[in-house]
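Everything below concerns the one structure shown next.
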Amino acid sequence: MTSLKYSGEVSPGKKAVFQVMSGASAGFLEVCINQPLDVVKTRLQLQAKPGSSGPTYSGLLDCVSKTYRQEGITAFWKGIVPPIIAETPKRAVKFLVFEQTRHYYQFGSKTPTSTSYSLAGITAGIVEGVVVNPFEVVKVAQQMNRGRNSLAILEARDIVRRHGFGRRGLMRGVTATICRSSTFNAAFFGLYHTVKTRMPKPENGPYDVLWRIATGFTAGVFGCLLNTPFDVAKSHIQGPQPVANEFKYEHTWRTLNIIYREEGFLALYKGLLPKIMRLGPGGAIMLVTFEFVYEYLVEHYA
């Protein structure tokens with residue numbers, strides 16, 4: 001990726017720095033903009049059953065309306081600090097690894113291909129999954145803990161005390177997390193960059209932005225359609241087990257098989273709509289922000 005205006009060479013060190021800064025900026029902005037969707041999604045997922053105590057919502061708009069009327073506009077940004085702490089470096093790592101590795105998968109081709117973009121996305125997903133998994137384990141524990149609110153550091157300490165750092169502790173479900181991230185990134189980067197390089201792009205500024213947003217949105221939705229079963233498996237593995245101290249959900253493929261046998265095929269796509277609502281626009285925001293910040297840095301600081 002090069003600047004729209006700058007035609008000189010950028011040193012590898014500066015490229016890496018610019019990619020980290022651009023990826024971090026993209027992650028920060030995506031979290032800030034999409035946090036309201038995440039709050040609404042979580043409240044719909046965890047709402048009380050009809051007839052029991054606690055808030056109930058008839059749907060998306062009802063949840064938005066009740067949250068605003070009862071708690072004010074700032075309620076839509078509750079819990080934003082942990083995602084910023086986790087997602088900002090996560091996005092920086094994702095884009096850095098993708099940009100640094102996509103040229104290694106050209107296999108003799110003079111330019112990157114659809115395959116090289118997807119393989120670089122898988123590589124980025126593997127690194128991203130390993131880095132982010134402890135945060136995911138803590139986040140799920142906090143979200144499912146209805147009895148008390150605790151700081152992330154205290155929740156992490158409790159998990160380590162009870163289960164350690166390994167496959168039943170902070171790295172629980174790491175294979176599912178890697179599969180989720182790798183599948184999404186392969187589809188996300190593969191589709192976006194293939195369309196970008198093979199289709200004519202508008203030269204007009206506003207139309208260029210809209211073109212990038214539409215392509216990024218489509219790539220994000222496509223990624224969601226492919227990776228949701230792994231996301232569902234990850235939630236089952238990292239969430240509370242049906243019987244305390246018995247790990248029914250522990251291995252990715254076995255968990256997928258159990259869900260399919262006990263709940264049916266559609267159960268593998270639970271939460272797809274809220275996921276698309278967040279990651280469709282989120283994908284567009286991330287890619288557009290990354291590209292424009294990177295182009296700005298190259299143009300002004302290379």
>> If you fit an axis through the alpha-carbon atoms of helix 272-301 and take the longest principal axis of the Cα set of the chain, what angle between them do you get, 0 to 90°, nearest 10?
In response: 30 degrees
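Please give the calculated 222 nm ellipticity per residue for the chain, where each DSSP H segment of at least 4 residues contributes -39500 (n - 2.57) and the sum is spread over every residue; nearest 500 deg cm²/dmol?
Working: 9 runs with 212 residues, N = 302.
One gets -24500 deg cm²/dmol as the mean residue ellipticity at 222 nm.
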>> Suppose every Lys and Arg Cβ carries +1 and every Asp and Glu Cβ carries -1, with no other charges. What dipole size does the chain come out with about its Cα centre, to the nearest 20 debye?
In response: 660 debye
> Given that just one value was derived from the coordinates, which of [x] 1.52; [y] 0.93; [z] 1.05 is Cα Rg over 2.2 N^0.38 Å?
Replying inline: [z]
>> On a full-extension model of 0.36 nm per residue, what is the gain between Glu299 and Trp253, subtracting their alpha-carbon distance, rounded to one decimal in nm?
In response: 11.9 nm
>> Under 10 Å, Cα contacts only: if you run a Gaussian network model on the chain, which one of Ser116, Ser58, Ser25 comes out with the highest mean-square fluctuation?
In response: Ser58
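Please report the net charge: other residues with Cβ closer than 12 Å to the Cβ of Pro281, K and R +1, D and E -1. Intermediate values should be presented prior to the final figure.
On the way: positive: Lys275, Arg278; negative: Glu30, Asp38.
Charge balance in the 12 Å sphere: 0.
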> Taking the chain as a Gaussian network, Cα atoms linked when under 10 Å apart, which of Gln142, Gln35, Gln70 shows the biggest mean-square fluctuation?
Replying inline: Gln70
>> To test your reading of the geometry: what angle, between 0 and 90 degrees and rounded to tens, separates the Cα axis of helix 81-101 from the longest principal axis of the chain?
In response: 40 degrees
>> For the chain, take the longest principal axis of its alpha carbons; what is the angle in degrees between that and the long axis of helix 12-46, to the nearest 10 within 0 to 90?
In response: 30 degrees
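Once the other residues with Cβ under 11 Å from the Cβ of Val140 are scored (Lys, Arg +1; Asp, Glu -1), what is the net sum?
Numbers: positive: Lys139, Arg172, Lys234; negative: Glu136, Glu155.
Result for the local shell: +1.
Test of understanding: what is the full-extension gain from Arg162 to Tyr269, defined as 0.36 nm times their sequence separation minus their Cα-Cα distance? It would help to have the intermediate numbers written out before the result.
Working: separation 107, 0.36 × 107 = 38.52 nm, distance 3.10 nm.
Residue separation times 0.36 nm, minus the Cα-Cα distance, leaves 35.4 nm.
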>> Below 8 Å, C-alpha to C-alpha, sequence gap of six or more: please give me the relative contact order for region 12-301 in percent.
In response: 22 percent
> So what's the net charge close to Gly23: Lys and Arg +1, Asp and Glu -1, counting the other residues with Cβ under 13 Å from its Cβ?
Replying inline: -1
> Which of the residue pairs Lys15/Lys139; Lys41/Lys78; Lys90/Lys270; Lys196/Lys270 have a Cα-Cα distance greater than 21 Å in the structure shown?
Replying inline: Lys15/Lys139; Lys90/Lys270; Lys196/Lys270
>> Between Lys201 and Ser114, what is the label-point separation in nm under the 7 Å Cα-to-beta-carbon projection?
In response: 1.9 nm
> Which GluC sites (Glu not before Pro) does region 190-256 hold that lie in a coil by DSSP with at most 12 other beta carbons within 10 Å?
Replying inline: Glu203
> Out of Gly190, Gln241, Gly129, whose Cα points farthest toward the positive end of the dipole of the chain (charges: +1 Lys, Arg; -1 Asp, Glu; placed on Cβ)?
Replying inline: Gln241
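Readers should treat all values here as calculations from the given coordinates under stated rules, not as data from a laboratory. Computed from a predicted structure; not experimentally measured. Don't worry about glycine lacking a Cβ; one is built from the backbone with ideal geometry, like all the others, and counts go over all protein chains shown.
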